[in-house]
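Comments concern the structure below.
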Amino acid sequence: MKTFLFQGDSITDACREDDDRINCGLGKGYPLLVAADFLKNRKDDFCFLNRGQSGDRVTDIYARIKEDIINLKPDCMSILVGVNDVSHELTMQCGVDEVKYEKVYSMLIDEIRTALPDIQIIILEPFVLRGTATEALWEQFDCEVRKRAEAAKRVAEKFDLTFVPLQKLFDEAVADSNAEYWSADGVHPTYAGHQLIKEELVKAINQMVLS
């Protein structure tokens, strides 16, 4: 049985509870949906942990690397981070610029793989939509989050990791309906938005496992 770890910011946290037991405290978002899918269809293959933290930037995940990644010894993990690196700068001047984001992300992956050489890692693309949390500074949000998305993709390519695009997925979804259907505020997905992420991540995990 493989242990799968979800790592990231509030999108991953999704109101999870602090619970060290496997398959518990997964929150109300895509980690729960992914786990439910696998526990139903491949119950002997995976157990799941969620260590996403609301408000996290890539530097915060790097600071938690020992306790919330390496010490857990996951066989597989996903990481979704980037929007707070932008929003914290735009609203509080304590964000992480594109260059540092890529540098720290690379350090994070390098140290994880050094400690856990057999781990399989999936990088989820950070994304943003128009909404109450982004409308006032929309052009900056859109431009800067897309820069973090490009940097995340470069990190995935550098380390030959699976990369899951999400921005185009949400852009296409919004084109067919209003943004509020998919994201409550432009940052945090609704249940429908979490389902979009879940579907893409399940595909990536299945491809990773079967390859």
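The values are calculated or read from the model by the stated rules, or taken from the named source; none is laboratory data. If you're wondering where the values come from, they're calculated on a predicted model, not measured in any experiment. Cβ placement follows ideal geometry from the backbone for every residue including glycine, while neighbour counts extend to all protein chains displayed.
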Selection count where residues are crowded, with 16+ Cβ neighbours inside 10 Å and in a helix (DSSP H, G or I), scope region 63-87: 9
Can you give me the number of residues within region 21-41 that are surrounded by fewer than 13 Cβ atoms within 10 Å (Cβ to Cβ) and either in contact (Cβ under 8 Å) with a residue 24 or more places away in the chain or of a type outside the set (D, E, K, R) (or both)? 1
Only one of these conditions is not met by Ala175: (1) modelled with pLDDT of 95 or more; (2) assigned to a helix (DSSP H, G or I). Which number is it? (1)
Considering only region 182-195, state which residues are among the hydrophobic types (A, V, I, L, M, F, W, C) and crowded, with 20+ Cβ neighbours inside 10 Å. Trp182, Val187
Please work out which one of (1) crowded, with 23+ Cβ neighbours inside 10 Å; (2) of a type outside the set (A, V, I, L, M); (3) touching a Gly at 6+ places or on another chain (Cβ under 7 Å); (4) over 20 Å from Ile205 (Cβ atoms) is the condition Arg130 fails and give its number. (1)
Name the residue that is surrounded by the most Cβ atoms within 10 Å (Cβ to Cβ), counting only residues in region 47-62 that are in a loop (DSSP other than H, G, I, E, B) and not polar (S, T, N, Q). Gly52
If we scan region 107-118, do we find a residue that is under 23 Å from Phe141 (Cα atoms), in contact (Cβ under 8 Å) with a residue 24 or more places away in the chain and surrounded by 20 or more Cβ atoms within 10 Å (Cβ to Cβ)? no
Would you say Val145 is β-branched (Val, Ile, Thr), assigned to a helix (DSSP H, G or I) and either within 18 Å of Val86 (Cα to Cα) or touching a helix residue (DSSP H, G or I) at 6+ places or on another chain (Cβ under 6 Å) (or both)? yes
What are the pairs, 6+ residues apart or on separate chains, where a residue within region 158-173 that is under 21 Å from Met208 (Cβ atoms) and surrounded by fewer than 16 Cβ atoms within 10 Å (Cβ to Cβ) has its Cβ under 9 Å from a residue that is at pLDDT 95 or above and among the polar types (S, T, N, Q)? Lys158/Ser106; Phe159/Ser106
Quick check on region 153-171. Is at least one of its residues in a helix (DSSP H, G or I) and hydroxyl-bearing (Ser, Thr, Tyr)? no
The one condition in (1) surrounded by fewer than 19 Cβ atoms within 10 Å (Cβ to Cβ); (2) outside any loop (DSSP other than H, G, I, E, B) that Asp44 fails to fulfil: (2)
